[in-house]
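Beneath this line is the structure, given in structure tokens, with notes to follow.
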Amino acid sequence: MLQGGDLALGGWQPAEVVDRMRELGWPGVVGNTDELLWRPEALAEQLNRAPKLEPLLRVIFEQHAPATRELLGEERIEWMRELPGELDDGDLALVHATPGDLWRSPMPDDRDADLLKAYAELDARIVVYGHIHRPFVRDLGSMTVANSGSVGAPYDGDPRASYLLLDGGAEVIRVEYDVEREVAGLLASGYPGADRIAESRRRGAYVRV
């Protein structure tokens, strides 16, 4: 079992998620919304790179991050800071987005050449990433590139939890869960932007800020 980052931000139970990962002992990588918890200066960097995303970036850095830090506490954040940027297990490589960049990654409909360019340096038979929350598997001949989707926040129009089963190849698995129970907890929590996040959970899709 491996986890692909983005463990804590944008939900009302980040401490419980981190504690569960530590209890299970699953290896994993750091995500961009993990790193921003201890790198607030990344806001300026990302505004420069993607000015059109300013509304979203300000929400996650200025509203979600402070609330999440308070819920997590410093000890859990320190644990998250120790997560690596990449995991390499022979034929399998895991990154959050792309090697060396937690904020940029290919989309499911990008060209095969774009996927190969993004991940060729990993020199792995199977490359898995997260970040975009849209699961897919693409056989590129020399390499299979797969996105795990998201357990808690899928963005492909399917609200079911998503993960990858790696057994020789890669297969997207979907699991139904009680979305309305999650939504009820979120709305009662006082977490910033809970209404928008709840709608995203129901749709299984990103809801614009």
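The values are calculated or read from the model by the stated rules, or taken from the named source; none is laboratory data. Remember, it's a predicted structure, so these values are computed and weren't measured experimentally. Neighbour counts run over all protein chains shown; Cβ positions are idealised from the backbone, glycine included. Protein only, heavy atoms only, side chains kept; ligands, DNA and RNA dropped before computing areas. Shrake-Rupley method; radii C 1.70, N 1.55, O 1.52, S 1.80 Å.
General remarks:
- Some residue of the stretch 64-82 being open to solvent by 30 Å² or more (accessible area, probe 1.4 Å) and at pLDDT below 95: no
- Residue satisfying all of: in the stretch 13-58; more than 19 Å from residue 86 (Cα to Cα) and basic (Lys, Arg); most open to solvent (accessible area, probe 1.4 Å) among these: 52
- Residues located in the stretch 167-209, provided they are among the aliphatic types (A, V, I, L, M) and either touching a strand residue (DSSP E or B) at 6+ places or on another chain (Cβ under 9 Å) or open to solvent by less than 30 Å² (accessible area, probe 1.4 Å) (or both): 170, 172, 173, 175, 179, 183, 186, 194, 197, 198, 205, 207
- Unmet criterion (only one of (1) part of a loop (DSSP other than H, G, I, E, B); (2) free of Cβ contacts under 8 Å to residues at least 12 places away in the same chain) for residue 173: (1)
- The single condition among (1) crowded, with 17+ Cβ neighbours inside 10 Å; (2) touching a strand residue (DSSP E or B) at 6+ places or on another chain (Cβ under 9 Å); (3) closer than 20 Å to residue 3 by Cβ; (4) of a type in the set (Gly, Ala, Ser) that residue 100 does not meet is (1).
- Extreme residue, nearest to residue 11 (Cα to Cα), among residues of the stretch 39-90 that are among the polar types (S, T, N, Q) and in contact with a Leu (Cβ under 7 Å, 6 or more places away or on another chain): 68
- Some residue of the stretch 62-79 being within 18 Å of the chain's Cα centre (by Cα), within 26 Å of residue 194 (Cβ to Cβ) and of a type in the set (D, E, K, R): yes
- Qualifying residue in the stretch 143-155 (condition: modelled with pLDDT of 95 or more, under 26 Å from residue 68 (Cα atoms) and in contact with an Asp or Glu (Cβ under 7 Å, 6 or more places away or on another chain)): yes
- Residues located in the stretch 1-43, provided they are of a type in the set (A, V, I, L, M, F, W, C) and part of a helix (DSSP H, G or I): 15, 17, 18, 21, 24, 42, 43
Quick grid of which residues meet (1) of a type in the set (S, T, N, Q); (2) in a loop (DSSP other than H, G, I, E, B); (3) within 13 Å of the chain's Cα centre (by Cα):
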position: 121; (1), (2), (3): no, no, no
position: 138; (1), (2), (3): no, no, no
position: 142; (1), (2), (3): yes, yes, no
position: 146; (1), (2), (3): no, no, no
position: 159; (1), (2), (3): no, yes, no
position: 163; (1), (2), (3): no, no, yes
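- Within the span defined as the stretch 150-166, one or more residues are more than 16 Å from residue 205 (Cβ to Cβ), without any contact (Cβ under 8 Å) to a residue 12 or more places away in the chain and open to solvent by 30 Å² or more (accessible area, probe 1.4 Å).
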